[in-house]
Ligand code: AMP
Ligand code: MG
């Protein structure tokens, strides 16, 4: 065990707290049509102007009548029909019932519905096969949503069912936060674009594709500046362009000690940036700060480090910037299936894969290669195994924290 591994490193929780403190949500609100509002951030609390359902209606296809007639064996005469969208206009009297379809309004005089399967039907009469109490098979007005009720709170990222909920209360133009625009580039003389020939000592730029895809999932617009060489003037131009037209800037590479000199000098010249050595693995070097008020996230170049730091630090900050409420992370405590290598000093985000066997029991594979340069380890995983900073190696059976990849990573 190496007890000094974490000395001088900033714990993740502190880094996140410092970072979030410096972010305030963009204020701009726009209205979007319901169809265009998926994944947008709701800007205002939404209350319902109506009851949902707006009238008492039947939950079944059957017959409606008054529960005073609701004894098994009673015979009732069918005097009319109530359809969804076409109610029975009259009233059911004693000894009478109304044929009723699912969703149709419960006619006057009726307070119970019997399923047609529980009746003996003979032309215009029915004989009840069961007792029927008041309220049976009736969906009361407002039992889903009451008039005036808070339906969705500001800050909610709108899901498919949220859109349905808004439709169900008759809302169409939805007040949402303006979509963020994020400037993105990779730095490094060694980087080449996919499809280009790979010169000696060069690699393909993969980080930008990972980050751009996560930004897309976050419903953010990307100003993608491509690969910026390790040259002061090119970097200065890239930062300047992003600063002028974006809400936030994300770069990858060039933030580790010694290699970041240009980036550092330029950032110092243009804004206030802190270079952090984080107590997380993968992902030690990370830069955060502001260029004339625009938040900047400088991710490490190693692909897994870039993905994990973007996910763990930049996403919460960008979520806050976009006006979204913080999201709860689903985390499960499970016993380690095997021995897990770990040094104390950094919070590990090891990659794992969780699946089920034929008996429905889960199986956790912790044997995925954890090298920070290997993006394939991330691609082959579906969960993090988060191991606390102060922990050393883990024995089989010890409790570990399993965090399924959320929708940004899946
Ligand atoms: P750096 O942080 O610039 O020192 O880079 C650390 C490591 O990550 C080096 O091996 C780089 O070649 C690699 N790297 C940097 N940027 C990228 C990128 N955009 N895509 C893939 N690998 C990268
Ligand atoms: Mg570099």
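The values are calculated or read from the model by the stated rules, or taken from the named source; none is laboratory data. Just so it is clear, the model here is predicted, and its values are computed rather than measured. With ideal geometry, Cβ positions are generated from the backbone for all residues, glycine too; neighbour counts draw on all protein chains shown.
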Review point. So which of 170, 226, 188 is on the phi > 0 side of the Ramachandran plot, within 16 Å of ligand 1 (Cβ to nearest atom) and surrounded by fewer than 17 Cβ atoms within 10 Å (Cβ to Cβ)?
Key: 226
**Study point:** Residues that are under 30 Å from residue 119 (Cβ atoms) and in a strand (DSSP E or B), drawn from the stretch 20-76
**Key:** 52, 57, 58, 62, 63, 64, 65, 75, 76
Practice item. Scan the stretch 191-223 for residues that are more than 20 Å from residue 247 (Cα to Cα) and either in a loop (DSSP other than H, G, I, E, B) or more than 12 Å from ligand 1 (Cβ to nearest atom) (or both) and report the count. Key: 12
Exercise for review: Scan 256, 252 and give me the residue that is within 13 Å of ligand 2 (Cβ to nearest atom), at pLDDT 90 or above and assigned by TED's automatic domain parsing to the domain that holds residue 7.
Suggested key: 252
Practice item. Please determine, by comparing only the residues of the stretch 194-209 that are under 32 Å from the mean Cα position of the chain (by Cα) and more than 16 Å from ligand 2 (Cβ to nearest atom), which one is nearest to residue 289 (Cα to Cα). Key: 209
Revision key, fill the gap. Of the residues in the stretch 226-249 that are within 34 Å of the chain's Cα centre (by Cα) and within 12 Å of ligand 2 (Cβ to nearest atom), the one that is nearest to residue 275 (Cα to Cα) is 235
Review point. Across the stretch 240-272, which residue is surrounded by the most Cβ atoms within 10 Å (Cβ to Cβ) among those that are over 20 Å from residue 320 (Cβ atoms) and away from ligand 1 (no atom under 16 Å from the Cβ)?
Key: 270
Revision key, fill the gap. Over the stretch 318-348, the set of residues closer than 20 Å to residue 216 by Cβ, touching a helix residue (DSSP H, G or I) at 6+ places or on another chain (Cβ under 8 Å) and in a loop (DSSP other than H, G, I, E, B) is 327
Practice item. Just name the residue that is farthest from residue 407 (Cα to Cα) out of those in the stretch 140-157 that are surrounded by 19 or more Cβ atoms within 10 Å (Cβ to Cβ) and out of contact with any helix residue (DSSP H, G or I) (no Cβ under 8 Å at 6 or more places or on another chain). Key: 155
Exercise for review: Please identify the pairs in which a residue from the stretch 189-205 that is over 17 Å from residue 375 (Cα atoms) has its Cβ atom under 6 Å from the Cβ atom of a residue that is within 7 Å of ligand 1 (Cβ to nearest atom) and in a strand (DSSP E or B), counting only partners at least 6 apart or on another chain.
Suggested key: 190/203
Point to revise | Criterion (at pLDDT 95 or above and part of a helix (DSSP H, G or I)) met by exactly one of 385, 403, 354, 315 | key: 315
Check your understanding: Which one is modelled with the lowest pLDDT among residues in the stretch 357-382 that are under 20 Å from residue 397 (Cβ atoms) and crowded, with 19+ Cβ neighbours inside 10 Å?
Key -> 366
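Let's see how each residue does on (1) within 18 Å of residue 210 (Cβ to Cβ); (2) in contact with a helix residue (DSSP H, G or I) (Cβ under 7 Å, 6 or more places away or on another chain); (3) outside any helix (DSSP H, G or I):
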| site | (1), (2), (3) |
| --- | --- |
| 250 | yes, yes, yes |
| 255 | yes, yes, yes |
| 263 | no, yes, no |
| 266 | no, yes, no |
| 277 | no, no, yes |
| 288 | no, yes, yes |
Point to revise | Of all residues making up the stretch 17-44, the number that are within 19 Å of the chain's Cα centre (by Cα) and closer than 20 Å to residue 293 by Cα | key: 2
